[in-house]
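Just so it is clear, none of the values below were taken in a lab; they were calculated from the coordinates. Please read these numbers as outputs of a predicted model, since none were measured by experiment. Here Cβ is always computed from backbone atoms with ideal geometry, including for glycine, and neighbour counts include all displayed protein chains.
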């Protein structure tokens, strides 16, 4: 019935400034695209019909990976394939390249950008199907009714909305303490990755801090975690072109057999990438080994609240955490 | 003779064949056009003054239509016409017993996606916008979402016909002595098994273009597997003489059963073309294809079987419950098929089959590759795996020891042909090193074996008649070109190539000398279509007969011309010559000239009607086939015990194909079946979301998109080793059986059996999502029964069983199940 794109005005700005002006001018009627992978879905389903589409994919300033000494800067429209193949990132942050390599399919990674991957909307099938849920401005969460199908949905922080983050690179960037550079009307602000993603309690209609008029221009990863041990795994229904049921991203520094520092984040379990701080805490300063693995498995999903059909995510989180720990030995 | 063909890279080695072309790999006759983009699919067709049509589909699952407001749509620039249900008041449906569909809903909608109205416009964009602008007011009715709900809620009925309340069809058939069979058993096993519904996912969306021709004449080009049945339905719905309607089946970009019903959109464009006097076109969106559906029925099954200590079966009681969706479609046949082919692989002396199909407010289910057979086959093959375990017999041995004999008649009166199942099992066991590895692989790795069997063409046509099921005409003339006319529909399976190569083989000419005209109801003799794996069998026979008649005619003329005996003439290498001295002869085109001079214009026909099946009971019409194909597969899996995720590493599959007409095409069919089977086993599900009551109880498709309907990708595909087993069945043309559907059947149960071998968890349902395996492992860790699957089977009153006598009553007339069911 839908499956057919509406018509809109397409803008191809020549600079970030021009893009910001257009974004500001059109406000809620505007829509920024780069790879368009998430956007075109929305347009084709006709649930989103922006009047002006501003394509920033051609902005050279927003493209490429640079070594800036204390950090590596990734332009927001750098494609996932470029990230996956980038030598600098492979050397410094293999966690990110591993996560990027797991996104969707090769064709989508060729066009899809890192900025788009972190800014994409949730995949909740009710929300995507145009139901007037809380997230869409209505007054029900269709995915959390007694008859709802919510196998893919949240274990945590499900306040009026049980949607989860679909991003594979999100948990990796949270683990790596990345910073997101956002431009608005010529003004630049910096937001830590962990704060970039927001839950329904903050704003139920958005997945990130980005508001209309904002443009994510760059992602900076501090060298702090350069060369650290890493672990990434994504569990999905199929091995390509799929979203995570649960994913895990970890970076850890080991000194003398002990974990000196570690950050772990999970995707697919709440609206934002979830830091597993209890796992981090039990690991820090301890010897890597079977005991740590056992404890990580036990506490990883602490506080999880399962819906009707997603109980399986709880043991899955525990087992993935245990596996991440095991990878350090 | 077993040929081991390892895919995909190994070259296919043709062994010495008694044929010149058949049995040797050749390029499919439509291959070049397909890869270069020359093939014109229905959506590629454009005609001057063509209008574009869109359907307005119901947004509610069950409701009365109160009012349709076209005002906003009609005010749009470019909107030409609109259509509603009463413009096409006559019902249609593929089976004469369930003509329950209308081109557009008359007053009731029965599922989300049910077409309500149509809009025609000058451009597709406008048609689309106008269709969205049509306002439909509904008065909602209670909805039924499952078989169990249909059982509990007989009123209001989704349809005013059917066996009882919201049960569309009930069947109970008893063969042999059930009580005695169970009494003589040493072990009685019971299983409740669930098979989720799934859809075809053909890559081409349905499309149709109708072109008005002269007065009250219309041609409909459509992506259909069954042009003849579409022709019949159009005749009925348009209320026109059949001679005024021409249906052309364009090349299908895959069908898998999803294009074998006559569809609403075909009726609508035909009507609009006639009314407007200009061509009308419709192409469904992917979302709409999910609503057309006609896919695999979700089936809950209960299986109770008596076994002797040696593993042989003494009796079986199978109960099935089919969730049919909103319309009849092929459902009556599907219901019978959930029991019919249970007897063709292993000896089963006493058999009781009970089946029932419910109407629900969801897109209609119908025939998908394997039609009704994969579900009970899945149940049977995991059931046998459990019996083997229980009795301490190797699963391969258990099967091999109890094979149905060749040329026998089964308990439900099916006449068997050649059976190469033993060779299939032996080939896959050897390939997978079953004896050394089954049950002995390290924890997490496992092997599973399963078998299957399928029709080579349904014995009876969809509607009762005494005419052939397939016809072929051949026209020859002085050019040397041989034109072959046949109503068959190429859906990617290679039917064009089979037709062409049989004619070329008999006449001793090249494939390039053949010109095909197919799937055109005006120009070609009737063939019933590409379903039930019937094309190679039936078109093949008809082509063989027509070609042999042409050969005989030419031979007669050449013999007279050369003054040699006709019997001694050989047709080969584009020549006709004497066997004793190849120098004496002439080119094929010269031979045609000689024949044309002698006999006048040349043309021959051939036709085929399957032999009468021995069954004489009501319901005996479903299951008979001239012969049956057989398959066996061993699947190797590796299960990750921490996530439940499993990889299928390797599939060995043996298929009794009779004769491989083109080994490479056959290989493609086998591999395609493995792929589709793995999708059904691992992830595919056509499921629906039920909204809470206060929100209308609507039933909506979980997500009608290619992304969210999970089907395996390249990374999920294992290595496949295929063994084509040739049993050269005399009932089949050149000995060739089917290969399009059978190889699918063993895959799903083999995966489930392999998971059991790997981690000791029984998953009695498909798809087997990783979390089910994980759940089974958790149960196992807690010391509970490591089984995941459906709970109890509902209490269904299937009615008094029809007890079928063991003795054949030869004088009893053939009872047609469709005709009988109608009254």
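Tabulated values for the structure
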item	result
Most to least packed among B:204-211, B:457-464, B:71-78, B:499-506 [average Cβ atoms within 10 Å]	B:499-506, B:204-211, B:457-464, B:71-78
Separation of alpha-carbon centers, region B:359-376 and region A:19-87, rounded to whole Å	44
Viscosity 0.890 mPa s, 25 °C: Kirkwood-radius Stokes-Einstein D of region A:130-208 over Cα pairs, µm²/s	173
Under 19 Å from the residue B:437 label point (7 Å along Cα→beta-carbon), backbone N, region B:386-417	B:394-397
Share of Cα-Cα pairs in chain B lying beyond 53 Å, as whole percent	13
Average other protein chain Cβ within 10 Å of Cβ, residues B:771-777	3
Volume per residue of the C-alpha convex hull in region B:540-647, rounded to whole Å³	262
Over region B:305-450, relative contact order from alpha-carbon pairs under 8 Å, at least 6 apart, %	24
For chain A, share of DSSP beta bridges that run antiparallel, in % to the nearest 5	85
Distance between region A:113-190 and region B:379-453 - C-alpha centres, whole angstrom	49
All-pairs Cα distance distribution in region A:227-327, expressed in whole percent, bin size 10 Å	16, 50, 26, 7, 0
Measure of compaction for region B:350-415 (Cα Rg per 2.2 N^0.38 Å)	1.47
Label-point separation, residue B:483 to residue B:556 (7 Å along Cα→Cβ), nm	2.3
Average beta-carbon neighbours from other chains, 10 Å sphere, peptide B:674-683	1
Rounded Å value of the spacing that divides the Cα centres of region B:558-625 and region B:150-182	50
Mean Cβ neighbour count within 10 Å, used as a protection proxy, ranking B:272-279, A:221-228 highest first	B:272-279, A:221-228
Relative counts (whole %) of C-alpha pair distances in chain A, using bins that are 10 Å wide	6, 26, 34, 24, 8, 1, 0
Region B:56-181: Cα Rg divided by the 2.2 N^0.38 Å rule of thumb	1.41
Nearest 10 degrees, 0 to 90: helix A:290-299 Cα axis against chain A principal axis	40
Residue among A:277, A:147, A:78 with the largest mean-square fluctuation in a Gaussian network model of chain A, springs linking Cα atoms under 10 Å	A:147
Region B:468-608: Cα Rg divided by the 2.2 N^0.38 Å rule of thumb	1.05
Antiparallel DSSP beta bridges within the protein assembly as shown, as percent of all bridges there, nearest 5	80
Burial order of peptide ranges B:744-752, A:267-275, A:134-142, A:10-18 (average beta-carbon count within 10 Å, highest first)	B:744-752, A:267-275, A:134-142, A:10-18
Intensity falloff of the protein assembly as shown expressed as log10 I(q)/I(0), Debye formula with alpha-carbon point scatterers, at q = 0.05, 0.06, 0.08 Å⁻¹	-0.36, -0.53, -0.93
Relative contact order (%) - region B:411-555, alpha-carbon pairs under 8 angstrom, separation at least six	26
R0 of 22 Å, Cβ-Cβ distance residue B:647-residue A:105: FRET efficiency to nearest 0.05	0.75
Theoretical FRET efficiency, 1/(1+(r/R0)^6), r = Cβ-Cβ of residue B:76 and residue B:310, R0 60 Å, to 0.05	0.20
Inter-label distance for residue A:238 and residue A:49, nm, one decimal - labels placed 7 Å from Cα along Cα-to-Cβ	3.2
Expected 222 nm ellipticity per residue - DSSP helices of 4 or more, -39500 (n - 2.57), all of chain B, to 500	-8000 deg cm²/dmol
Cα pair distances in region B:332-482, grouped into 5 Å bins until the bin that holds the longest one, percent each	2, 7, 13, 16, 16, 12, 10, 8, 6, 4, 3, 2, 1, 0
Relative exposure of B:531, B:221, A:309, A:231, judged by other C-beta atoms within 10 Å (fewest first)	A:309, A:231, B:531, B:221
Relative contact order %, chain B, counting alpha carbon pairs below 8 Å whose residues are six or more apart	17
Inter-chain shielding of A:232-243 (mean C-beta neighbours from other protein chains, 10 Å cut-off)	5
